[in-house]
Amino acid sequence: MNWISNVVPPKIRSILKRETPENLWVKCPESGELVFHKDLEANLFVVPGSGYHMRIPAKARLDALFDDGVYESLPSPEAPADPLKFRDVKRYTDRLKDYRTKTGAYDAVRLAAGALQELQVTVAAQDFDFLGGSLGMAAGEAIVAGMMRAVEHRTPFIIFTASGGARMQEGMFSLMQMPRTTVAVQRLKEAKLPYIVVLTNPTTGGVTASYAMLGDLHIAEPGAVIGFAGARVIEQTIRERLPEGFQRSEYLLQHGMVDMVVPRAQMRDTLGRVCRLLMKAPVPAS
Amino acid sequence: MASYLDFEKPVAELEARVEDLRALSEKKDSPNIGEELAKLEAKAAKALADLYAALTPWQKTQVARHPQRPHCVDYIAGLIEDFTPLAGDRKFAEDEAIICGLGRFRGQSVAVIGQEKGFDTASRLKHNFGMVKPEGYRKAVRVMELADRFGLPVISFVDTAGAFPGIEAEERGQAEAIARATEAALVQGTPNVATVIGEGGSGGALGIAACNVVLMLEHSIYTVASPEASASILWRDSSRAQDAATSMKVTAQDLMKFGIIDGIVAEPVGGAHRDPEATIRSVGDAVASALARFAEFSPEAVRAFRQEKFLGIGRGKV
């Protein structure tokens, strides 16, 4: 421990620590190729050689989506914290505090609005770095608010899903986010506004079993794990090895669950195009 | 022959002594034994009542899974006249983990949807232990849409450890099937009432429980993931299921307090399995009064009520 750790309060220390990844080399989990972190970031966290899609932080995702990188961050609605007074190895409230410091976000869903190929859109991005992107009350409330905002402003609604599923620490309040978000999806449908789901790695459990599978269009990023039950649970239940590529985007495409698998580099164009087509907007001027 | 749960051991011992004494009193009619017997019976009854008045969440989990607890088929037999089962999702297969059908509930035409776990090895296999596959949820959607079109209320009975986790279920879109079933229940233009009669396991339960009124039997549980699965996620140790059941607030009483469910149906002393008939009658009464509340509602009103109810969960009440 150096003198900094004795003097600087923990919150600031974590900010100092966050600077370090810039000097790091990142190994591609598929090809083993080493990539300089900065290069990876510049390539939207896709390994240049192998095309492997690493997880991209929600903020970086939003930065890369809108025209000229310009967008408005929408506030996250407040939600009751820790209704169960939950504690596993540590207190849930402490855990939340840690993640808020670490990610700088209120919870696992970020909301934004702005122009995508000159068309106004409302966007939600789930952040896997925040407690596995898990669906708790705050995340559910943000999704509901985002969908309602899209209805109010008559914009398409795009969501990038990334979640292990339910927020265990909130028990049944977490499960209730499935019907709650499903009700909000109905509002989009009634308003005849496009609801586009972009499934990213991973999208599983209660998230897949609610709003993630109710889109007008389902677009998946290459190689993403998308499913209901976890692979480990299935293996334990049936005591068999799972087939190659099981629950991956391409497998879902083959089985009719997604419309297309789109590499991250083409995501912006694809989303812009389908939104404009569904909104009957002409080809963008520029 | 009653089968006892581990924690019922003191009651089991008392009741065994009652039985012994009764057998003895039938042989020789000694007045002393009669008095003794009455005393012991009272003691056993009190022990049972005391035990069940203070069940822990883990004990409730065990009661909810009790092998002799009345199942979906029992509720249908006891409550639904002219029951006419309907099979198949019209897409792939028939899934017997979910029983669907039409029938009369206290004179009124209704649609019924319920999960059935089975009661012996053969029927458990037939019903896949109540673990529903995509076909089952799609059959439920079909029946909900049918009910909607003909203006029939939907009564559902929830009893599953969870949706089936298997390769073929994933292949055929288990997640999508659950999402669509939840959606179909939420947009239903006729009243729907769900009763958790045993285990309400996660999304697999929710698929048939996004209803105007959600009831739970007194000793049933409703969970975001089964206590075993929760323990393995939270502590990486499924043997801590007991801790998970306690900390995750899975009982009817907790969920009523949280405003997540709408009512609790009392069970006979000692649990539903001690008097299935009385339990089924109580559930019938509760379902009837729940449906009566919506008798005058228009389809729009019944839908709006349900959707607002779910949107309101967790807002300001916690």
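Worth pointing out:
- Residue satisfying condition, being within 20 Å of the chain's Cα centre (by Cα) and in a helix (DSSP H, G or I), within set B:Gly136, B:Gly114: B:Gly136
- Output for region A:68-92, where each listed residue is buried (at least 17 other Cβ atoms within 10 Å of the Cβ) and either acidic (Asp, Glu) or in a loop (DSSP other than H, G, I, E, B) (or both): A:Tyr71, A:Ser76, A:Pro77, A:Ala79, A:Asp82, A:Pro83, A:Leu84, A:Phe86, A:Asp88
- Residue in region B:18-36 that is surrounded by fewer than 18 Cβ atoms within 10 Å (Cβ to Cβ), under 27 Å from B:His219 (Cα atoms) and not aromatic (Phe, Trp, Tyr) present: yes
- Taken together, B:Ala87, B:Ala122 contain a single residue that is modelled with pLDDT of 95 or more and in contact with a helix residue (DSSP H, G or I) (Cβ under 8 Å, 6 or more places away or on another chain), which is B:Ala87.
- Listed by position, the helices (runs of 4 or more DSSP H) inside region B:192-288 whose residues that are over 17 Å from B:His71 (Cα atoms) and more than 10 Å from every other protein chain (Cβ to nearest Cβ) number at least 2 are B:227-234, B:241-247, B:252-257.
- Residue count, region B:45-64 (criterion: charged (D, E, K, R) and surrounded by fewer than 17 Cβ atoms within 10 Å (Cβ to Cβ)): 2
- Where helices (runs of 4 or more DSSP H) fall wholly inside region A:144-227, the ranges with 3 or more residues that are surrounded by fewer than 24 Cβ atoms within 10 Å (Cβ to Cβ) are A:177-190.
- When B:Ala38 is tested against (1) more than 30 Å from B:Ile197 (Cβ to Cβ); (2) hydrophobic (A, V, I, L, M, F, W, C); (3) at pLDDT 90 or above; (4) in contact with a helix residue (DSSP H, G or I) (Cβ under 9 Å, 6 or more places away or on another chain), exactly one condition is not met: (4).
- The residues of region A:192-220 that are among the β-branched types (Val, Ile, Thr) and away from chain B (no Cβ under 14 Å), listed by number, are A:Ile196, A:Val198, A:Thr200, A:Ile219.
- The residues on offer are A:Leu242, A:Leu253, and the sole one that is surrounded by fewer than 21 Cβ atoms within 10 Å (Cβ to Cβ) and part of a helix (DSSP H, G or I) is A:Leu253.
- Residue in region A:255-270 that is closer than 30 Å to B:Glu228 by Cα, within 12 Å of chain B (Cβ to nearest Cβ) and of a type outside the set (Lys, Arg) present: yes
- Filtered residue count, region B:176-191, keeping only those that are part of a helix (DSSP H, G or I) and more than 7 Å from chain A (Cβ to nearest Cβ): 5
- Any hit, region B:51-66, residues being on the phi > 0 side of the Ramachandran plot and either among the charged types (D, E, K, R) or not in a helix (DSSP H, G or I) (or both): no
- Some residue of region A:182-193 being polar (S, T, N, Q), within 17 Å of the chain's Cα centre (by Cα) and under 28 Å from B:Val187 (Cβ atoms): no
- If the condition is being buried (at least 24 other Cβ atoms within 10 Å of the Cβ) and either at the interface with another protein chain (Cβ under 7 Å from one of its Cβ atoms) or in contact (Cβ under 8 Å) with a residue 40 or more places away in the chain (or both), then region B:166-175 contributes B:Glu170, B:Gln174, B:Ala175.
- Residue ID - farthest from the chain's Cα centre (by Cα), chosen from residues in region A:221-246 that are in contact (Cβ under 8 Å) with a residue 12 or more places away in the chain, over 13 Å from B:Glu168 (Cα atoms) and within 10 Å of chain B (Cβ to nearest Cβ): A:Gly230
- Candidate set from region A:261-286 (those that are touching a strand residue (DSSP E or B) at 6+ places or on another chain (Cβ under 6 Å) and outside any helix (DSSP H, G or I)); member that is modelled with the lowest pLDDT: A:Ala281
- Tallying residues that are touching a residue at least 12 places away in the same chain (Cβ under 8 Å) and either more than 14 Å from every other protein chain (Cβ to nearest Cβ) or not hydrophobic (A, V, I, L, M, F, W, C) (or both) within region A:142-188 yields 26.
The values are calculated or read from the model by the stated rules, or taken from the named source; none is laboratory data. Here the structure is a predicted model, which means the values were calculated and not measured. Because the Cβ atoms are built from the backbone with ideal geometry, glycine has one as well, and the counts that use them run over all protein chains shown.
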